[in-house]
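Inspection log for the structure reproduced underneath, given as structure tokens.
A short reminder: the numbers here are calculations on the coordinates, not readings from a lab. It should be emphasised that the depicted structure is a prediction, and the values quoted were computed from it without experimental measurement. Counting neighbours? That spans all protein chains shown, and the Cβs are built from the backbone with ideal geometry, glycine included.
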């Protein structure tokens, strides 16, 4: 299997393969993937394999931000009969640097769906996080919002304007980060022809 740099997807002129690689951690080697005529070829450490496109059972796309990289997307791919691999849009470079690979990741995931459709795939295509997890997250978000409003009203009635301003700032940050996560990861189904834009870089 040809080796590609962990921070980009490559596709040679007239080539039949499309490659993508990333490092899941600093101490691990690059996880390498290729779209070939035979199927999705992968190499993770000492393990490797080729999954025919028609044998891929499901794909779940999601938005998974981290402290060091807010723009981080993930595709969880399962095969019929067992087996799961994850493809992430970022790659670890140094202790303090996680590099986004937006263009390469998007091209690879889009082409994977195109080839699966051409192979007559009946895979389940889902976006966002699981329904139960999403529901729990929404409930927690609502409870926190109620608590924040209560604290803000108390600060205003006691003329604690500095505290009120602090709470407003926290609320804005919270809505920007957690709210964005909830909005992007709404559970949904999608088709090969219409991939969810909010779950791709």
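If you go through region 155-178 and pick out every residue that is surrounded by 13 or more Cβ atoms within 10 Å (Cβ to Cβ) and under 21 Å from the mean Cα position of the chain (by Cα), you end up with 3.
Looking at 144, 199, 152, just one residue is more than 30 Å from residue 80 (Cα to Cα) and buried (at least 16 other Cβ atoms within 10 Å of the Cβ), and that residue is 152. Of the residues making up region 122-142, just one is under 14 Å from residue 199 (Cβ atoms) and part of a helix (DSSP H, G or I), namely 134. For region 161-193, filtering for residues that are assigned to a loop (DSSP other than H, G, I, E, B) and touching a helix residue (DSSP H, G or I) at 6+ places or on another chain (Cβ under 8 Å) leaves 5.
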